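Peer 1: Once you've had a glance at the structure underneath, I'll fire off some questions.
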Amino acid sequence: MSDTYPAPALSQAPGARAAKICGILAIGFALTCAGIPIAIILGIVALVKQGKAKRVARAAPYQYEPVPATALVTGIIGLALSAIMIPVGGIVSAVAIPAFLIQRERAREAAVQSNLEVVQKQAQTLLADLQVRQPARAPFQDALLEALTRDPVVKALKNPVSPELPGFMMGTAARGATIPLGTVVGWAAEETNAGVTTSLLQFKAMVRQGREDKALEAEVVTHTQERVQRQTEDGWQVVEGEGPKPNLEPPAEAPAPEAPKR
């Protein structure tokens, strides 16, 4: 009977398991556009660790088992997929990013338009209350604007473009006055047409549309007043700009016919 001893079990070479895991992860990250840089790093790590594990296994064949080519294959596939997905990711980004920006601008414009309508409705409500309490008195536009700034519904409005800015504020219609994007700005104004002066509250908001700014506007008429320019002899009041002025001069007499010549 011969003395035979079982061969010792061979262990896995150091780094072989880590190389396999890095190769598999490289493939997974390469399939996502956001994970391409990570996939490239993991693919390189898988190839490096695969080479080290193979050299160690060859140096001690009685201690370590042969290293399979799994990490080598997965690492190469991860790098190849990363190279393929880079232009694909660029094309997807070129299509998706502008579409996302357009949708965001439309959503912001809809939110600002909603704020503008809320401010206009609250101004009409405050004007109606003031007319009920003081029917014989023309409303003060500045007082209405001050009441709007204190209104709880208006104060609750948020700026959808710049959250740190208010949703509504008093402003001015002066030329060159800047209006923050997303903020509804209100001011008092007057318009004269055909002798009738209209006092109103104007509201304006600016939103970004592509590379340009778009203005959203609304108004609330507070009261109107006619301007009398002059009064005729029979008591009629002539309003400034009310069509062509009547001819009040008497018509010229027609010349007398000449006597026939003999």
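Peer 1: Being surrounded by 23 or more Cβ atoms within 10 Å (Cβ to Cβ) and in contact with a Cys (Cβ under 6 Å, 6 or more places away or on another chain) is the filter here; which residues of region 11-56 pass it?
Peer 2: Residues satisfying the conditions are 42, 46.
Peer 1: What are the residue pairs meeting all of these: first residue in region 139-152, first residue assigned by TED's automatic domain parsing to the domain that holds residue 199, second residue at pLDDT below 90 and not in a helix (DSSP H, G or I), Cβ atoms under 6 Å, and 6 or more apart or on different chains?
Peer 2: From region 139-152, the pairs are 139/222; 141/188; 141/222; 145/170.
Peer 1: Let me ask another. So for region 23-46 (the condition being more than 46 Å from the chain's Cα centre (by Cα) and part of a helix (DSSP H, G or I)), does at least one residue qualify?
Peer 2: So far as region 23-46 goes, no, none of its residues is more than 46 Å from the chain's Cα centre (by Cα) and part of a helix (DSSP H, G or I).
Peer 1: When you go through 192, 178, 198, 224 one by one, which is the residue that is part of a loop (DSSP other than H, G, I, E, B), surrounded by fewer than 17 Cβ atoms within 10 Å (Cβ to Cβ) and at pLDDT 75 or above?
Peer 2: It is 178.
Peer 1: Looking at (1) in the same structural domain as residue 54 (by TED's automatic domain parsing); (2) surrounded by 12 or more Cβ atoms within 10 Å (Cβ to Cβ); (3) not aromatic (Phe, Trp, Tyr), which is the one condition that is false for residue 90?
Peer 2: (2)
Peer 1: Would you confirm, using the coordinates I've provided, whether residue 94 is at pLDDT below 85 and more than 34 Å from the chain's Cα centre (by Cα)?
Peer 2: no
Peer 1: Would you be able to tell me the number of residues in region 103-158 that are among the aliphatic types (A, V, I, L, M), loosely packed, with under 14 Cβ neighbours inside 10 Å and part of a helix (DSSP H, G or I)?
Peer 2: Adding up the residues that qualify gives 6.
Peer 1: Then there is this: Testing residue 247 on (1) outside the structural domain of residue 118 (by TED's automatic domain parsing); (2) of a type in the set (S, T, N, Q); (3) at pLDDT 75 or above, one condition comes back false. Which one is that?
Peer 2: (3)
Peer 1: Could I ask something else about it? Return yes or no: is residue 59 surrounded by fewer than 12 Cβ atoms within 10 Å (Cβ to Cβ), free of Cβ contacts under 8 Å to residues at least 24 places away in the same chain and under 30 Å from residue 148 (Cβ atoms)?
Peer 2: no
Peer 1: Of all the residues that make up region 111-132, how many are among the acidic types (Asp, Glu) and in contact (Cβ under 8 Å) with a residue 12 or more places away in the chain?
Peer 2: 1
The values are calculated or read from the model by the stated rules, or taken from the named source; none is laboratory data. Computed from a predicted structure; not experimentally measured. All Cβ positions, glycine included, derive from the backbone under ideal geometry; neighbour counts span all protein chains shown.
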